[in-house]
Amino acid sequence: MPKQKLLMIGNGMAGVRTIEEILDRNPDKYDITIIGDEPYPNYNRIMLSNILQNKMTTPEIILNDETWYTSNNITLHTNEQAILIDRLAKTVTTTKRNLTYDKLILATGSRAFILPIPGADLEGVLGFRTIADTEKMIEISQKYKRATVIGGGLLGLEAARGLLDQGMDVTVIHLADWLMETQLDAKAGELLKADLEAQGMKFLMQKATSKILGKSRVTGLAFKDGSQIETDLVVMAIGIKPEIELARHANLPTGRGIIVDDFMTTADPVIFAVGECAEHNGIAYGLVAPLYEQGKVLADYLCDIENTGYRGSKMFTQLKVSGCDLFSAGDIKENAEIKGVTIFNSIENKYKKIFMRDGKLVGVVLYGDTTEGSRLYNLLKKRRRTNRFHTCFTTSQIG
Ligand SMILES: Cc1cc2nc3c(=O)[nH]c(=O)nc-3n(C[C@H](O)[C@H](O)[C@H](O)COP(=O)(O)OP(=O)(O)OC[C@H]3O[C@@H](n4cnc5c(N)ncnc54)[C@H](O)[C@@H]3O)c2cc1C
């Protein structure tokens, strides 16, 4: 019997991990083709920050080189974009060809969200998502001096640290009161800002950008409060937008992402979505750990292996900037039900806060010393009841 044709759109981290999981389970089940619009085999997007920070090179972040595809009989079309799905004919049209499928995986990821403000299309305004973006930033840093990063979240701060490493004078513009406000509380955000300032990073807080200035290339930024700064490069790091257009045009239900059930199946039983483009139970995840969990479930499903399905993930965050050790997981907003307990060692600048609801650990923020991170994260995942906060902080840490 001929093998079923499994076609995947998107040659990124979640999609290719799913294919690896399928090959582990049943290497002979499918005739696999992958379409990727970037000109590279699958690479570790997370490590783009390390390239910008001069810690790694592009060849070092390749996860699966061309040999891996050929040795696993996978047909890879790089530099090629899928532009249309015909669900009736079960075909995908790309910029170069028509392909048929029996099963189709959408693993199109996200793109950087670019603020829709005047000047956003000027030369020197970039997102931070791809090898191409990273190379462009490095190229600009060799000609120009001043960089501005819009967004003081994880991605923005990693970009800013990288641009400092490229020798640029870097200012981070942030709308909220403190940095990484969804992962850190105000105190940890302040400690982080102080450490980054000591590294040479500048900040403009509570600033809303209204316009990017310049004729053909960027020369500055204007803010809603009437102030302006000069800059030669703008990196927008204000969030991601799941890539759902293909699915939307194919009349598959979408919200923030492509809506899937517990088996990563879309409304069409032969079309699946995995990774940042997928929305499960109202959530489109933006970190790899949950996406890899989704990949395992989908691989089981596609290989007819029993699985209870994907039930959502708990996530933790770490920042890849030397000298700023932080860890954050779970619910960290205090309210009538969630209460926080803080320990701050001001001599060593070590800050720890745990968040409890009904006697159970629901969130954690660590700054300065993250050694307890994985232990607390495991406690949090188990939703263990702890009546005394000693269970969460060892006696030596409290003292
Ligand atoms: C600088 C940076 C640092 C990060 N750091 C971390 C971190 O520390 N920890 C963490 O967990 N996560 C981190 N992430 C996020 C992580 O990289 C993503 O969650 C992960 O890459 C998502 O995998 P994906 O396969 O869903 O999407 P992607 O890896 O983006 O892959 C999707 C691929 O599909 C392609 N594509 C889209 N549409 C089409 C089309 N129509 N035709 C053909 N190809 C198409 C895209 O070009 C892309 O190559 C970071 C991301 C960046 C950018």
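Worth a mention:
- Solution diffusion estimate, µm²/s, Stokes-Einstein, the stretch 125-236, Kirkwood Rh from C-alpha pairs, 37 °C, viscosity 0.692 mPa s: 233 µm²/s
- With Cα atoms defining each centre, the stretch 290-307 and the stretch 20-83 are spaced 19 Å apart in the structure.
- Kirkwood hydrodynamic radius over Cα pairs of the stretch 1-55, then Stokes diffusion coefficient at 4 °C and 1.567 mPa s, in µm²/s: 101 µm²/s
- Rh by Kirkwood over Cα pairs, then Stokes-Einstein D for the stretch 1-148 at 1.306 mPa s and 10 °C, µm²/s: 92 µm²/s
- Solvent-free Debye calculation, one equal scatterer per alpha-carbon of the chain: log10 I(q)/I(0) at 0.11, 0.14 Å⁻¹ equals -0.90, -1.29.
- Local electrostatic count, GLN53, Cβ distance below 12 Å [Lys/Arg +1, Asp/Glu -1]: +1
- With a cut-off of 16 Å on the backbone N, the residues of the stretch 308-338 near the modelled label site 7 Å out from THR182 along Cα-Cβ are 313-319, 328-333.
- Cα-based reach from LYS381 at 16 Å (exclusive), listing aspartates and glutamates while leaving out same-chain residues under 8 positions away: GLU293, ASP331, ASP358, GLU372
- For the stretch 172-238 versus the stretch 101-134, the inter-centroid distance based on Cα atoms is 20 Å.
- Karplus-derived 3J(HN,Hα), 6.51/-1.76/1.60, for each residue of the stretch 33-44, Hz, glycine and proline x: 10, 10, 10, x, 8, 8, x, 10, x, 4, 10, 8
- A full extension of the chain between ASN98 and ASN54 corresponds to an added length of 11.8 nm, given 0.36 nm per residue minus the alpha carbon distance.
- Segment THR75..SER210, full-extension length gain: 44.0 nm, with 0.36 nm per residue of separation and the alpha-carbon distance subtracted.
- 14 Å beta-carbon shell around THR100, net charge (K/R +1, D/E -1): +3
- Top positive-direction residue, dipole computed over the chain with Cβ charges, set VAL364, THR67, GLY124: VAL364
- Within the full protein context, the accessible area of ASP177 is estimated at about 100 Å² for a probe radius of 1.4 Å.
- Among the protein heavy atoms of the chain, carbon and sulfur supply 49% of the accessible surface, probe 1.4 Å, non-protein parts ignored.
- Per residue accessible area of the chain, 1.4 Å probe, in Å²: 46 Å²
- Counted by Cβ distance under 11 Å from LYS143, the other residues give a net charge of 0, where Lys and Arg count +1 and Asp and Glu count -1.
The values are calculated or read from the model by the stated rules, or taken from the named source; none is laboratory data. As the structure is a computational prediction, the values presented were derived from the model and not from experiment. In this analysis, Cβ positions are derived from the backbone assuming ideal geometry, glycine residues included, and neighbour counts consider all displayed protein chains. Please note that ligands, DNA and RNA were not included when accessible areas were found on the heavy atoms of the full protein model with its side chains. Shrake-Rupley method; radii C 1.70, N 1.55, O 1.52, S 1.80 Å.
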